[in-house]
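The values are calculated or read from the model by the stated rules, or taken from the named source; none is laboratory data. These numbers come from a predicted model, not from an experiment. No Cβ is skipped: glycine too gets one built from the backbone with ideal geometry, and neighbour counts run over all protein chains shown.
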Amino acid sequence: MTIHTYTLGERLKGVVKAWAAVLIVSWIGVPLVISILYAFSERTALYERTPIPLSYSLEQIRFLLFEAGALYAVKNSVIVALLTVALSFLLGLPAGYAFAKYVFPGRDALKLALIGMRMFPVMIIAVPLVALYIRIGLSDTLVGVALAHTAMALPFVVLITSSVFAGVPRDLEEAGMVFGLSPIGVFLRITIPLALPGLAAAAMFTFLLSWNEVFIAAVLTLTNRTLPAFILTSALAAPDFFKFAANFIIVAPALVFVFVARRYLVTMWGITVR
Amino acid sequence: MAGVRLEGIVKRFGRTTALKGINLEIRDGEIMVLLGPSGCGKTTTLRIIAGLEKPTEGRVFFDDREVTNLPPKDRNISMVFQSYAVWPHMKVYDNIAFPLKIKKVRDEEIRRRVKWAAELLQIEELLDRYPHQLSGGQRQRVAVARAIVVEPEVLLMDEPLSNLDALLRVKMRSEIKKLQRKVGVTMVYVTHDQTEAMVIADRIAVMSEGQIMQVGSPQEVYDDPANTFVAGFIGSPQMNLIKARVVDGVIEIPGYEIKLSNQPSTLTGGNIVIGVRPEKIQIGDKPSGPHVEMEGIIDFIENLGADYIVHVKVGDTILVAKTTSLPEHVNIGTRTKIYIEEKHIHFFDSKTGTKIKLNTTKK
């Protein structure tokens, strides 16, 4: 066995790489950590001249969740996000599959139209949408918000799932057909399991998209606020220490999701299907 | 087990015609190899037998049962894919057992059959692994095990060895043939490798540009090629194919004239192509039967260890000869006599490329 000795150049490269990594992580990590620390600090700690708070309390979070109504908004957000995932997958998954596996007239035009849909500014759609919702009785309902979020997420879901499905080799599906499966059987027992890591990632992104969406949610709801809409209208008008607490409440689930998704994507069968 | 019959199969993809009328009868229990260069339609033919592709015209029969419009799952076939197509989300055991599970075979029977197939392919110790933990050769064995475990009527193989390294390929081709003999299944095997085809096939169908050029046993296709395409595709090194003219019973090749001792009357005159296999050209030793004698200069010698490939310039034409031994005096630049037995000379029509049948009595 030989022992590898590092040359100066290699060592320098390693040092530069390490510092670059530290810099990038700090860029996102430092503000995140500080804001989370202040979410758990005493109210007065915010106004003391220390780099991090020295006295801690759960008071702000407790107050926001249980007295100001954030818990109710969290529940609403979860319902809306889950509904959005369900609806956009119900509609988008078959479309994504069709784009990936079949060649049909107008395929490219449709794909382009999907991307084109993303060009409409939400602000312009919002007002007519409210008018429409009031007329059909969807205004201030969670289903209404979920439908609007579905419309926003759908192009994304179709495009992502189509590339996920395109990553499932045709041979594996044909083997399923040869060995006794119907086309639906192939889809359920071969394609879906193989596409699952990619689909799961798409689902989580869709969830977060809905979870973070503030504008439509704020316009369409009044009493049934989702979390971002609630924070926008209530907590941001409150003193600073509430802003940090609100920030934590909205960031925490996203962080958990990202960590879960990461592990899930890497360890699933040890293979990478896009 | 079943025989397969293809009747007038035409397949068009948009404007290109992949198959231009395939008629082929595959006998019950034989290994039929579809051989041809890439793009000749051999894989499309296989996929039509599988039901993965529908023919534009024509019909497919398994024995007397028409299957043209049946989906693959109702044909009782199985297939080994070029990429093996072993499902990565299932362990080896589940891969092999999957076709049986779908057919709702009893658990006990599944276990017995999987064990049988795994033993046959010597992969018993791999049953508990995932495909990504296997080598290419092992994955290939899993694919074959999965294909035979269902006891199909027809076993289809689409270039199953092309992703293996050279040594393993040579080993597996004889194993596949032995396996087919043990199981007795009708097999259709697609390859572009003529050596592989010769070793595995009971009969070979040589294909080119969507058509079948010739069907016959490996020996027939080798000894008696139906046209210049088959003649050139089978055999290594390639058969010498030389443009020639027949004038008054003399065959003229560029810069040289050959006289046959026994002029066939079907060779009347005009342009032809003559074909001679390199291994049928003798350097130094005179054959006893009727033969053609030519004189040329040694242009180049390739030493392959066991054989020599000798390029001989006769007139303006280079003939390639293959021999196991060389006379001592022979070297690059030396003048030498070469001999070809007349029965080993093939004559082809220069326009159509088809073989000109000779009416002389065969020796």
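Are there helices (runs of 4 or more DSSP H) fully within the range A:33-151 with at least 1 residues that are touching a residue at least 60 places away in the same chain (Cβ under 8 Å) and of a type outside the set (Asp, Glu)? List them. Break it down into steps so the answer makes sense when it comes.
On the way: elements: A:59-62, A:70-101, A:107-117, A:122-136.
Qualifying helices (runs of 4 or more DSSP H): A:59-62, A:70-101, A:122-136.
Tell me which residues, restricted to the range B:311-328, are surrounded by fewer than 17 Cβ atoms within 10 Å (Cβ to Cβ) and touching a His at 6+ places or on another chain (Cβ under 7 Å).
B:318 - this is the single residue of the range B:311-328 that is surrounded by fewer than 17 Cβ atoms within 10 Å (Cβ to Cβ) and touching a His at 6+ places or on another chain (Cβ under 7 Å).
Only helices (runs of 4 or more DSSP H) wholly contained in the range A:169-258 count here; list those with 1 or more residues that are of a type in the set (Lys, Arg) and over 22 Å from the mean Cα position of the chain (by Cα).
The qualifying helices (runs of 4 or more DSSP H) are A:170-178.
Step by step: first the residues of the range A:174-196, then only those that are touching a residue at least 24 places away in the same chain (Cβ under 8 Å) and buried (at least 23 other Cβ atoms within 10 Å of the Cβ), then the one that is farthest from the other protein chains (Cβ to nearest Cβ). Which residue is that?
Narrowing the range A:174-196 to residues touching a residue at least 24 places away in the same chain (Cβ under 8 Å): A:187, A:191, A:194-196.
Now narrow it down to the ones that are buried (at least 23 other Cβ atoms within 10 Å of the Cβ): A:194-195.
On the way: A:194: 6, A:195: 10 Å.
The residue in question is A:195.
Look through the range B:60-79, keep the residues that are of a type in the set (A, V, I, L, M, F, W, C) and touching a Leu at 6+ places or on another chain (Cβ under 7 Å), and return whichever of them is nearest to the other protein chains (Cβ to nearest Cβ).
We begin by selecting, within the range B:60-79, every residue of a type in the set (A, V, I, L, M, F, W, C); these are B:60-62, B:67, B:70, B:77, B:79.
From what's left, touching a Leu at 6+ places or on another chain (Cβ under 7 Å): B:60, B:77, B:79.
Working: B:60: 15, B:77: 6, B:79: 5 Å.
Filtering first and then ranking leaves B:79.
Name every residue in the range B:74-112 that is surrounded by fewer than 20 Cβ atoms within 10 Å (Cβ to Cβ), charged (D, E, K, R) and in contact (Cβ under 8 Å) with a residue 24 or more places away in the chain, in order of residue number.
B:91, B:103
Being under 17 Å from residue B:355 (Cα atoms) and touching a residue at least 40 places away in the same chain (Cβ under 8 Å): is that true of residue B:276 here? Explain how you work it out, then say what you get.
On the way: under 17 Å from residue B:355 (Cα atoms): yes; touching a residue at least 40 places away in the same chain (Cβ under 8 Å): yes.
Judged against the criteria, residue B:276 is a match.
Of the residues B:275, B:269, which single one is under 25 Å from residue B:227 (Cα atoms), touching a helix residue (DSSP H, G or I) at 6+ places or on another chain (Cβ under 8 Å) and of a type in the set (Gly, Ala, Ser)? Even if it seems obvious, please write down each step before you answer.
Working: B:269 fails: touching a helix residue (DSSP H, G or I) at 6+ places or on another chain (Cβ under 8 Å).
Of B:275, B:269, the one residue that is under 25 Å from residue B:227 (Cα atoms), touching a helix residue (DSSP H, G or I) at 6+ places or on another chain (Cβ under 8 Å) and of a type in the set (Gly, Ala, Ser) is B:275.
For the range B:29-45, does any single residue satisfy the condition of being over 16 Å from the mean Cα position of the chain (by Cα), modelled with pLDDT under 95 and not in a helix (DSSP H, G or I)?
Yes, that holds for at least one residue.
In the range B:113-144, which residue that is within 12 Å of chain A (Cβ to nearest Cβ) and touching a residue at least 12 places away in the same chain (Cβ under 8 Å) is surrounded by the fewest Cβ atoms within 10 Å (Cβ to Cβ)?
Narrowing the range B:113-144 to residues within 12 Å of chain A (Cβ to nearest Cβ): B:129-133, B:142-143.
Next, from what is left, pick out any that are touching a residue at least 12 places away in the same chain (Cβ under 8 Å): B:129-132, B:142-143.
Values: B:129: 15, B:130: 19, B:131: 21, B:132: 11, B:142: 26, B:143: 25.
Across the range B:113-144, the extreme among qualifying residues is B:132.
For the range B:329-337, state whether one or more residues are outside the structural domain of residue B:228 (by TED's automatic domain parsing), closer than 27 Å to residue B:351 by Cβ and buried (at least 18 other Cβ atoms within 10 Å of the Cβ).
Step one: list which residues in the range B:329-337 are outside the structural domain of residue B:228 (by TED's automatic domain parsing), which gives B:329-337.
Cutting the leftovers down to closer than 27 Å to residue B:351 by Cβ gives us none.
No, the range B:329-337 has no match at all.
Would you mention how many residues in the range B:97-111 are on the phi > 0 side of the Ramachandran plot and either at the interface with chain A (Cβ under 9 Å from one of its Cβ atoms) or under 37 Å from the mean Cα position of the chain (by Cα) (or both)?
So the first thing to find is which residues in the range B:97-111 are on the phi > 0 side of the Ramachandran plot, and the list is B:104.
Next, from what is left, pick out any that are either at the interface with chain A (Cβ under 9 Å from one of its Cβ atoms) or under 37 Å from the mean Cα position of the chain (by Cα) (or both): none.
Number of matching residues: 0.
Within the range A:177-194, is there a residue that is in contact with a Ser or Thr (Cβ under 9 Å, 6 or more places away or on another chain) and modelled with pLDDT of 90 or more? Step through it out loud before you land on a result.
Kept after step one, since they are in contact with a Ser or Thr (Cβ under 9 Å, 6 or more places away or on another chain), are these residues of the range A:177-194: A:178-179.
From what's left, modelled with pLDDT of 90 or more: A:178-179.
Within the range A:177-194 (the criterion being in contact with a Ser or Thr (Cβ under 9 Å, 6 or more places away or on another chain) and modelled with pLDDT of 90 or more), the answer is yes, since at least one residue qualifies.
Taking the range A:153-172 as the region of interest, how many residues are surrounded by 20 or more Cβ atoms within 10 Å (Cβ to Cβ) and of a type outside the set (Val, Ile, Thr)? So that I can check it myself, show each step before the final result.
Initially, the range A:153-172 is screened for residues surrounded by 20 or more Cβ atoms within 10 Å (Cβ to Cβ), giving A:153-154, A:157-158, A:160-162, A:164-165, A:168, A:172.
Now narrow it down to the ones that are of a type outside the set (Val, Ile, Thr): A:153-154, A:162, A:165, A:172.
Looking only at that region, the number is 5.
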